[in-house]
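The values are calculated or read from the model by the stated rules, or taken from the named source; none is laboratory data. Quick caveat, the model's predicted, so the values are computed rather than measured. All Cβ positions, glycine included, derive from the backbone under ideal geometry; neighbour counts span all protein chains shown. Remember, those area values only see protein heavy atoms, side chains included, never the ligands or the DNA or RNA. Shrake-Rupley method; radii C 1.70, N 1.55, O 1.52, S 1.80 Å.
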Amino acid sequence: MKAVIMAGGFGTRLRPLTISVPKPMVFVANAPMMEHVVSLLRKHGMRDIISLLYYQPEAITGYFGDGSGFGVKMDYIKTDADLGTAGAVGAARNKIKRTFAVISGDVICDFDLNAAVAFHKKRKALATIVLTRVKDPLQYGIVITKKDGRISSFLEKPTWGEVFSDTINTGTYIFEPEIFDYIPPETEMDFSKNLFPLLLERKAELFGFTAPGYWKDVGNLDEYLKCHIDIMEEKIKIGLSATKKIINGFPVWIGEGTRLPKEIKVEGPVVFGRNVKVDPFATLSNCCFADDCRIGKYTKISRSVVQTGVSVGHHCDLKETVVGFSTKISDLVKTSPGVVIGDNCEVGRAATVQARIKIWPGKFIESGAFVNSSIVWGDRFSRSLFGNHGINGLANIEITPEMATRLGVAYGAKLGKGKYVITSRDASQTSRMIKRSIIAGLISMGVRVGDLRTLPIPVARYEIGKEGESGGVHVRISPFDGRVADILFFDETGCDIQPSLQKSIEQAFFKEDFPRADVNSVGEIIIPPRASQYYKEGIINSIDVSAVRRNPVKIVCDYAFSSASLVLPEILGALNVEVISLNGVLNPAKSSKSLDEFNSSLDTVSKVVRSTRADFGVMLDVGGEKLFFLDSRGRRIHSQKALLVVLELVGRSFRGGNVAIPVNAPRRCETIAGEYGLGVVPTGTTPGSIMRICKEKDVIFAADGKGGFIFPRFQPSFDGMYALCKIIEMCVTSGVNLTELASREKDPVIVRKQVYCPWEKKGFLMRKLIEETPSGKRHLVDGVKITGKNGWVLFLPDATSAKFTVCCEARTRKEAREMAGRHIKKIRNWLKSS
């Protein structure tokens, strides 16, 4: 007798298990579901099988071949369109001449199919539906039969008020070949919706056989886990390729090559595939392990399914979790019920995955991460939200509207009801979407929002604090990668928020336990009317306008298609600066630049500077925070050298005070500051750490060596537009120009290299660096900096990845590279010996 297996299912509700395979090929009890179906058919003498394929057919044909390895003959029919269940079976009409069975390739059952065939023949039926009784029939098609088994009515997906029976259609059928007379060729048709109602209408011989035994439609991930529990509790008769033993009173199936230690704790049934290695003191209950798995010491795993090639570290705790093929789980990892981790993932040490989270294949979870949202298309989940530049992630993939709303709620929870916050963005529509989602979260917590819409970052920072604002949020597309969104948070002074508030927001975000505002306390949204005007007036009032006007300056300015073009031209016009403008319009498609695009833009500025004989050229970044200079000959003044040039101008223009210089800046900074009697305050390398120093008294200037400049008397944060005006003022009042100053300075020689360092080893490495370096030459402002006669080396742990950055300054690039190489080798040796 022939049988037809319907094997075209997508298995959408089983994702991420069905990302790379069709639903029938999902493993249950260490074999694909379809293999269990084939075994059932073979057991009942149905060895001539036709498989109907649609989605990822090669996964099935590659596994079963001609069927000889499974004791059957397997033919295949592939359809190019979704013809429905009956339409797909109709495609086999030319291969079937006698009574045949149809069964789904994604069910687990132990029905007596021969009994169903005997019933079919006894009733002389055209079609027999194999039925079963279930406790909850809502998600299935209910079938009502007469006493002789003749079907009287169907009801697809009923409500409880329509549940007149607990007998359902199992998707298994016995047909006579004449059934094809009712199925038009190459036409979409469904058994339950079309064919069976048609048979009833035409009074055809349609019967239902209620089969005893086990049946499970593995339709979702909950049912997938329950199916395994039922197998281990022996509720179904299914063949397991393993030897059954009793350990601590529980059945344990042990595959070939698997060895269990005496110290294992078995607290429920367990299935082991072949060559599974279990370390001592592991505690296991109601688990199924496929071939070649590794389970570490003192690890607890309960009610879980672990697929082939999975490694689980020591001291882990996995509850009701499905782990995909070849995934690596490090030590101390915890998962909650309902977690599904896809194939080829890596979960870092001490990571925690909350309940019901799904992690798609190939993802990386950093050590210590707290995962409370599913990871679908992004490639990683970090241990913390905040990096050195706010919160960053793939736009609409990692930073989604849902994530942004929850972030707004978390920020609002920390600020408190009734507080006032400024929001702004760049010109991108993606930024608009994310910003509006954040606003929704903020006002749901009773926070008032002043939305500045599209404005440069310095204008938003300057506005904060003028009307009692408690902080601000700016959303932009990353200047470096057009796929990435940045979310920047500002404090009540317009500076980046403190690390302590970052941690508080992270804790609230991951906790997701928020006291929402009541319906009458939802925050309002207003549009501050004069933010740009306040900013323009602020700059004009803090610049020596008359001095600049008396000494005409001609510059080439590339606005980089940014919102700075909405503000800066009017200010430069008030200063009587002659400007040759480039890219002075908003263009959302130009919100970021690749390195090649960046260099190409500077080349264009260079050509225009030379052709117009301008005093200098400058390009702003998209946020209006950074400046990139070219001299009057069109030669680029690189950012570290530009720091030295502007510092020289500050020394000439200010009488006394302190300058804040990051620890990775050139040594020449200290020399210049000393020549003009300026004090040097070393700072960390992150924007936030530099801005925090600028709030202190007597700090007159700060820079990051990357194009960012701060003049705290105007505002204690990076501001490229004000810095440009101030630099022009300092040039004319001190009687020098950028070209002259730049020609006196050599380009600093600083080399940066990165070396891998696991998160859990960073503390060890910092301690080792301190122990191995003389205290007199060691500085601990940010990382570990060691100074010498001819240079310095800085060891800086990366805040967002498992890396250390090694920076070296020396007299020549060769010396700097050799110095970095020696120290990286030393770090690797320390890590190997730890």
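Taking a quarter of the surface of the Cα convex hull of region 234-358 gives a mean projected area of 6.8 nm². Taking every Cα-Cα distance in region 354-446 and sorting them into 10 Å bins from zero, the calculated P(r) comes out as 16, 43, 33, 8, 0 percent. The apolar share of the surface of region 182-299, taken as the fraction of accessible area on carbon and sulfur atoms (1.4 Å probe, ligands and nucleic acids excluded), comes to 46 percent.
The label-point distance for Thr12 and Asn551, in a model that sets each label 7 Å from Cα toward Cβ, rounds to 6.9 nm. Using the Cβ-Cβ distance between Thr787 and Glu234 with R0 = 45 Å, the FRET efficiency computed as 1/(1 + (r/R0)^6) comes to roughly 0.05.
Rg and Dmax, both from the Cα atoms of region 710-834 and both in Å, are 19.1, 59.
Using the Kirkwood radius over Cα pairs, work out the Stokes-Einstein diffusion coefficient for region 436-592 at 25 °C and 0.890 mPa s, in µm²/s as a whole number.
Answer from the Stokes-Einstein relation: 136 µm²/s.
Note on Asp82 and Asp222: the model spin-label points, each 7 Å out from Cα along the C-beta direction, lie 2.4 nm apart. Taking region 1-100, which trypsin sites (Lys or Arg not before Pro) meet the DSSP loop condition and have no more than 12 other C-beta atoms within 10 Å? Taking region 1-100 and a limit of 12 other Cβ atoms within 10 Å, the loop trypsin sites (Lys or Arg not before Pro) found are Lys97, Arg98. The fraction of accessible area contributed by carbon and sulfur in region 614-698 is 44 percent, rounded to a whole number (1.4 Å probe; ligands and nucleic acids excluded).
At a Förster distance of 22 Å, what's the computed FRET efficiency of Ala355 paired with Ile397, Cβ-Cβ distance as r, to 0.05? Efficiency computed from Cβ-Cβ geometry: 0.45. At q = 0.18 Å⁻¹, what is the log10 ratio I(q)/I(0) for region 759-813, with the Debye formula run over Cα points and no solvent? The Debye formula, applied to the Cα set alone, gives -0.61.
For region 545-664, the alpha carbon positions stretch 45, 38, 27 Å along the principal axes, listed from largest to smallest. Shape of the chain from the C-alpha gyration tensor: prolate (a/c of 1.5 or more and a/b above b/c, with a ≥ b ≥ c the square roots of its eigenvalues). Report the calculated FRET efficiency for Arg811 and Arg767 (r = Cβ-Cβ distance, R0 = 30 Å), to the nearest 0.05. E between Arg811 and Arg767, to the nearest 0.05, is 0.45. Which of the three applies to region 637-695, rounded, prolate or oblate, going by the alpha-carbon gyration tensor with a ≥ b ≥ c and a/c under 1.5 meaning rounded? Since a/c reaches 1.5 but b/c is at least a/b, the shape of region 637-695 is classed as oblate. Only lysines eight or more places from Lys414 in sequence, or on another chain, were considered; those with a Cα closer than 17 Å are Lys503, Lys511. Spatial offset of region 224-291 relative to region 785-834 amounts to 50 Å, using the alpha carbon center of each.
Sequence-ordered 3J(HN,Hα) estimates for region 170-175 from the Karplus curve with 6.51, -1.76 and 1.60 and θ = phi - 60° stand at 8, x, 10, 9, 10, 10 Hz, glycine and proline given as x. Within the assembled protein chains, the solvent-accessible surface assigned to Lys503 is about 110 Å², based on a 1.4 Å probe. Note on Leu780 and Lys695: the extension gain reaches 28.5 nm, defined as 0.36 nm multiplied by sequence separation minus the Cα-Cα distance. Averaging 1/r across all pairs of distinct Cα atoms in region 181-289 and inverting the result yields a Kirkwood radius of 17.6 Å.
Just the number please: accessible area per residue for the chain, 1.4 Å probe, all protein chains included, in Å².
So the chain comes to 42 Å² accessible per residue, rounded to a whole number.
In nm, what is the difference between 0.36 nm times the number of residues separating Glu578 and Glu58 and their Cα-Cα distance?
Roughly 180.4 nm would be gained on extension.
Which value in nm describes the separation of the simple spin-label points at Lys124 and Thr187, placed 7 Å from the Cα toward the beta carbon? In this crude label model, Lys124 to Thr187 measures out at 2.8 nm. Taking the centroid of alpha carbons for each part, region 493-547 and region 601-633 are 32 Å apart. Express the carbon and sulfur contribution to the solvent-accessible surface of region 308-464 as a percent, rounded to the nearest whole number, probe 1.4 angstrom. Summing carbon and sulfur atoms, their accessible area is 46 percent of the total for region 308-464. Segment Thr612..Ile19, full-extension length gain: 207.6 nm, with 0.36 nm per residue of separation and the alpha-carbon distance subtracted. For region 404-490, the residue among Tyr420, Phe490, Pro479 whose Cα projects farthest onto the positive side of the dipole built from Cβ charges is Tyr420.
From the Cα gyration tensor of region 555-619, with a ≥ b ≥ c the square roots of its eigenvalues, which class applies: rounded if a/c is under 1.5, or else prolate if a/b is larger than b/c, or else oblate? Taking the square roots of the gyration eigenvalues as a ≥ b ≥ c, region 555-619 is oblate.
Would you compute, from DSSP H runs of 4+ residues alone, the mean residue ellipticity of the chain at 222 nm, taking -39500 (n - 2.57) per run and dividing by the full residue count, rounded to the nearest 500? Don't skip to the answer; put the middle values down first.
On the way: 21 runs with 232 residues, N = 834.
Using -39500 (n - 2.57) per qualifying helix, the result is -8500 deg cm²/dmol.
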